[in-house]
Amino acid sequence: MNLTCESLVEGHLDAVHAYARSKVRQDDLARDIVQRTFLKAFQKRSQLRDPLAARGWLLSILRNEIAMEFRSSARFEVWDEKDFEALPGPEDEEGVDPSLLEALPDVLSRIPEAARTLLLLRYQQELPYEEIASLLDLPLGTVQSRLHRAKATLKAVLNKEGLTLKGGVV
């Protein structure tokens, strides 16, 4: 399978941008980092062994680009009203309490970064545990146990707000 720049962008731009936006919380900065991610991916496309794993590979490059951005510029994370736009809205999730969806950005901001990253990779990006383990360079069991703790932390913060998860949302 011949991997072209167009196929990388068309197939994965939305997912990569959504993840970048959820991590850096500034749309202009997210777009810049996404652009650098796709440029680097295209330059190094020969290193991708399995084109079916392109999304995980791109997210790995993106994660490194985000880390380099914050290391080099010592930027602070800033939350604004448009945070987590890529997360489902009330019209996307039948049976989910709209107040839960409205509170989610604030709730996620109050849990540790590592837990938030795992939750976003699993539930926003819908990555399987194995792909998350590979992306974060962690053993599968570690990803599973940390994700379990992240969900427990999220539920505890939601409970403090008087909100609950129903129907196995998380």
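Here each label is just a point 7 Å from Cα along the line to Cβ, and for residue 27 and residue 64 those points are 3.0 nm apart. Label positions at residue 46 and residue 161, each projected 7 Å from the Cα along the C-beta direction, are separated by 4.9 nm. The slack in the chain from residue 99 to residue 6, taken as 0.36 nm per residue of separation less the alpha-carbon distance, amounts to 29.6 nm. Spacing of the modelled spin labels on residue 35 and residue 106, each 7 Å from Cα toward Cβ, amounts to 3.5 nm.
Remark: the stretch 105-170 is approximated by an ellipsoid whose semi-axes, taken from the C-alpha gyration tensor as √(5λ), come to 22, 12, 10 Å, largest first. Every Cα-Cα pair in the stretch 5-73 was counted, and those over 13 Å apart are 60% of them. Remark: the stretch 5-73 carries a charge dipole of roughly 300 debye about the Cα centre, counting +1 on each Lys and Arg Cβ and -1 on each Asp and Glu Cβ.
Counting Lys and Arg as +1 and Asp and Glu as -1 over every other residue whose Cβ lies under 11 Å from the Cβ of residue 117, the net charge comes to +4.
Since every read-out is calculated from the coordinates, none of them should be taken as a lab result. It should be emphasised that the depicted structure is a prediction, and the values quoted were computed from it without experimental measurement. Every residue, glycine as well, gets a Cβ built from its backbone with ideal geometry; the counts of neighbours run over all protein chains shown.
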